[in-house]
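> For reference, the structure I am asking about is given below.
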Amino acid sequence: MTRSPRTRILLACLIVAAAAVAVFFKSLDHQFVNWDDDVYVTANPVIQPLSPQRIGSIFSNFYYYAYIPITILSHAVDVALWGLKPRGHHLTNVLLHAANAVWVFLLGLALLRRAPGRGDGAPAGRGKTARPVGGNDLPLVIGAFVAAVLFAVHPLRAESVSWISDRKDLLCAFFFLPAVAAYVTYASRRSRPEGRPWYLASFVLFLLAVLSKSIAVVFPALALLLDWLWIRERAVRPARLVLEKVPFLLVSLVLAALPLAMSPDGKLAYAIADLTRLEMVLFPFYSLTFSLYKTLLPIHLQPIYPRVGLGWMVAGLVVVLALTALCVFQARRGRKAMLLAWLSYLLLLVPNVAGLSSGMQPVADRYSYLSTIGLYILVGAAVAWAWEKGSGKGRLALAVCSAALLLVFARATVSQAAHWKSSTSLWEHVIASAPPKRDYVDAYLNLGTAYAEERRPIEAREILERALAIDPANAEVLYNLGILSYMEGNAPKALEFFRHATRADPRHERAFYNLAIVSDELRRDEEAIAAMIQAARLGNPDAQDALRSRGIPW
C-alpha cells in the first residue's frame, strides 16, 4: 500500500524520535554527577524556589560568566516539577534530544528539497532548478531520515544527553534548528507577503537559541551562507540580503560581547596556557578538526581530553586547508553541498574556539552537537542521491549498510552513556583509560570526592593522594585532603593541608574558612582570626557572619 507523503514524513519523525529515546532510555536511572551538576542544579540557589521574582532575576543576571537565562530557567522548571530527583532532569534531556533529532530530519528534508540541481537527481547540480515539493520525495525522505538517525544515535551525543549540565546545547539546538528551517522557508517566499511571518518566527527562535547558549550568535552568518550557496534568488539584491540580517546581527554582537567582557582572564587563557606563540596560532586548527575526527572515529570518548603537541596542531592546519580547498573546488564545479556543510561546521565551532562557550575546555564531545549537523545532512544527501540512482539490489545494499552502521553506533552510544550513570562510574572510566598526567587531575579529584560522599574514605584518600602526586600545587586537591583528614579526626593534618591550599591559591576562600575553623579548634587564635578575616574579604558569607557576630571588622 502506497503511503501519502505526509504519512511517510510523520512515520519517519516517529521512528527518529523513538531511536533517540531508545539509545538513552537507561539514562533515566542515572544520578547527578559531580561535574557541574551541583553548579547548575543541586547547589544552585538561583533556580529555587520558582517565582516571578526569581524569573526576573534569572533574566537580569549572568551565571558563571554566561548569559543563558533560558537554560537556567529550564533547570528551575525541572526543580519545580521534579525536585532534586535526577530522573526528571534526565527525562527533559532525552525528550529535548528526541525533538532535536526530529528537527534535523525536517531541516534536512527542507534543504534537500531546495537543493540546486536536484531536478535530474544529480547531487548539487550545475544551475538547474530545484525539485518541486510535490514530486517524488521518497529518496529525499530516506536521505533526511538517515541523517537524523545518525545524529540521534551517534556516540558523540552521549555527553550532551546523559549529562544534565549540558542542557544548554540541547536547548540551543531545540530553538536553533527550527530557526534555520523557518529562515529557509522565508527565503523561498521573501518576495511574497506570506514570507514575513516566517522571518519573524526565525528571529524569535534565534533569540531563544542565543539565550540558551551563546554559540547561536553565528546564525546571521549561517543565513548568509544559505543565501549564497543554497537558496539563490537572482531577483533579490545582495544589499537586501545583508539588511534583513541586521536585527539578527545586532543581537549577536551584544550577546557575543557580554560573555567575553565578563569572562575572567584565567578562563580565556585556559586553552592557550603554556603554549608558544606558534602553538597559539596553530592550536585553533586542531580544535576545529577534533569534532570531525571524533565524528568519523568515535572511540576513546571522554569528558576530559589532554593537551596535544605541535604535530597534532600542524595536522589540524593541513586538514582544514585540504578540506577547504576540496570543497571550494567542488563548489566551482557547481557542487556546493560540501562547501556549505564544511563552512557551517567551522562556523558553529568558532564560538567555542573563541571562548564564547561557558565551558573552559578547548575541545569536548558536546561541541559537536550543533556543529556536525550539516555533515550528517551531507551524508543524507549522498544517501538520497545513491537511492535515486540505484536499482533494486543497489538500494538493498545501501539500506543494509546504513542500518548496520546505525546499529553499531547505537550500541556504542548505549555503552558510552552508561559511563555517565554516576560520578564514580564516570571518573573510574576516565582514570582506567587515561595516563596519570596533569591534564586528568580533575578526574582523580572528582573521583576522590565522589568516594568521600559515598563514605569510602580509604579509596578517597588513595585517589586524592594520587592526584596530589600528579599536581602537588593543586589547591582543590589539597583542600579536599584537608576535609578528608578532618572527617577522619586528624585536625593537625587537616590544618597542614588547608595551609598548603591557601598558599597554592590565595583566593580559595573555603580553604581560608576551614583553616580558621581548625585553627580555632587547635587554639591557634591569631591564625584563626587572620584566616577568618581573609575568608570574609574573599566573600565567604559564613566567615562574614562569624566576624560580624564577634564585632570584628574585616
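The values are calculated or read from the model by the stated rules, or taken from the named source; none is laboratory data. Computed from a predicted model, the values in this text were never measured in an experiment. So basically every Cβ, Gly included, is an ideal-geometry build from the backbone, and we count neighbours across all protein chains shown. Side chains included, ligands, DNA and RNA excluded: accessible areas come from the protein's heavy atoms. Shrake-Rupley method; radii C 1.70, N 1.55, O 1.52, S 1.80 Å.
> If you scan region 209-252, which residues turn out to be of a type in the set (A, V, I, L, M), open to solvent by 60 Å² or more (accessible area, probe 1.4 Å) and in contact (Cβ under 8 Å) with a residue 24 or more places away in the chain?
Selection gives 235, 249.
> Tell me, please, whether a residue that is in a helix (DSSP H, G or I) and under 22 Å from residue 19 (Cα atoms) can be found in region 420-433.
Checking region 420-433: at least one residue is in a helix (DSSP H, G or I) and under 22 Å from residue 19 (Cα atoms).
> Residue 389 is checked against (1) under 25 Å from residue 303 (Cβ atoms); (2) touching a residue at least 24 places away in the same chain (Cβ under 8 Å) and fails just one. What number does that condition carry?
Among (1) under 25 Å from residue 303 (Cβ atoms); (2) touching a residue at least 24 places away in the same chain (Cβ under 8 Å), the lone unmet condition for residue 389 is (1).
> Then there's this: If we scan region 97-108, do we find a residue that is closer than 15 Å to residue 230 by Cβ and modelled with pLDDT of 75 or more?
yes
> Let me ask something else. Out of (1) in contact (Cβ under 8 Å) with a residue 60 or more places away in the chain; (2) on the phi < 0 side of the Ramachandran plot, what's the single condition that is false for residue 334?
The one condition residue 334 does not meet is (2).
> Let me ask something else about it. Specify the residue that is modelled with the lowest pLDDT; the eligible residues are those in region 335-361 that are under 16 Å from residue 288 (Cα atoms) and open to solvent by 50 Å² or more (accessible area, probe 1.4 Å).
Top of the filtered list is 360.
One line per residue, one yes/no per condition, for (1) within 26 Å of residue 446 (Cα to Cα); (2) modelled with pLDDT under 95; (3) touching a Leu at 6+ places or on another chain (Cβ under 9 Å):
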site: 7; (1), (2), (3): no, yes, no
site: 52; (1), (2), (3): no, yes, no
site: 55; (1), (2), (3): no, yes, yes
site: 59; (1), (2), (3): no, yes, yes
site: 64; (1), (2), (3): yes, yes, no
site: 67; (1), (2), (3): no, yes, yes
site: 72; (1), (2), (3): yes, no, no
site: 90; (1), (2), (3): yes, no, yes
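> Is one or more of the residues making up region 170-186 without any contact (Cβ under 8 Å) to a residue 40 or more places away in the chain and open to solvent by 10 Å² or more (accessible area, probe 1.4 Å)?
Yes: region 170-186 contains one or more residues that are without any contact (Cβ under 8 Å) to a residue 40 or more places away in the chain and open to solvent by 10 Å² or more (accessible area, probe 1.4 Å).
> To continue, here is another question. Select the helices (runs of 4 or more DSSP H) contained entirely in region 1-120, then report the ones holding at least 2 residues which are of a type in the set (Val, Ile, Thr) and either free of Cβ contacts under 8 Å to residues at least 24 places away in the same chain or open to solvent by 50 Å² or more (accessible area, probe 1.4 Å) (or both).
5-24, 52-60
> In region 286-334, what count of residues is obtained for those that are surrounded by 15 or more Cβ atoms within 10 Å (Cβ to Cβ), part of a helix (DSSP H, G or I) and aromatic (Phe, Trp, Tyr)?
Matching residues across region 286-334 total 4.
> The conditions are (1) without any contact (Cβ under 8 Å) to a residue 60 or more places away in the chain; (2) over 23 Å from the mean Cα position of the chain (by Cα), and residue 441 fails exactly one of them. Which is it?
Failing condition for residue 441: (2).
> Would you be able to say whether some residue in region 380-395 is under 23 Å from the mean Cα position of the chain (by Cα) and open to solvent by 50 Å² or more (accessible area, probe 1.4 Å)?
For region 380-395, residues under 23 Å from the mean Cα position of the chain (by Cα) and open to solvent by 50 Å² or more (accessible area, probe 1.4 Å): absent.
> For region 365-389, which positions are farther than 18 Å from residue 162 by Cβ and of a type in the set (Ser, Thr, Tyr)?
Passing the criteria: 371, 376.
> Please tell me if residue 152 is crowded, with 22+ Cβ neighbours inside 10 Å, at pLDDT 70 or above and farther than 30 Å from residue 297 by Cβ.
Against the criterion (crowded, with 22+ Cβ neighbours inside 10 Å, at pLDDT 70 or above and farther than 30 Å from residue 297 by Cβ), residue 152 does not qualify.
> The conditions are (1) outside any helix (DSSP H, G or I); (2) without any contact (Cβ under 8 Å) to a residue 24 or more places away in the chain, and residue 397 fails exactly one of them. Which is it?
(1)
> Okay, next question. Yes or no: residue 197 more than 30 Å from residue 26 (Cβ to Cβ) and either open to solvent by less than 20 Å² (accessible area, probe 1.4 Å) or among the acidic types (Asp, Glu) (or both)?
no
> Only one of these is farther than 28 Å from residue 447 by Cα and modelled with pLDDT under 95: 307, 332. Name it.
The unique qualifying residue is 332.
> Would you mind stating whether residue 383 is hydrophobic (A, V, I, L, M, F, W, C) and under 15 Å from residue 286 (Cα atoms)?
No, not satisfied.
> Quick one: how many residues across region 517-533 are within 17 Å of residue 496 (Cα to Cα) and open to solvent by less than 80 Å² (accessible area, probe 1.4 Å)?
11
> Cβ-Cβ distance below 8 Å, separation of 6 or more or different chains: which pairs start in region 189-204 with a residue that is closer than 15 Å to residue 227 by Cα and end on one that is assigned to a helix (DSSP H, G or I) and open to solvent by 80 Å² or more (accessible area, probe 1.4 Å)?
189/198
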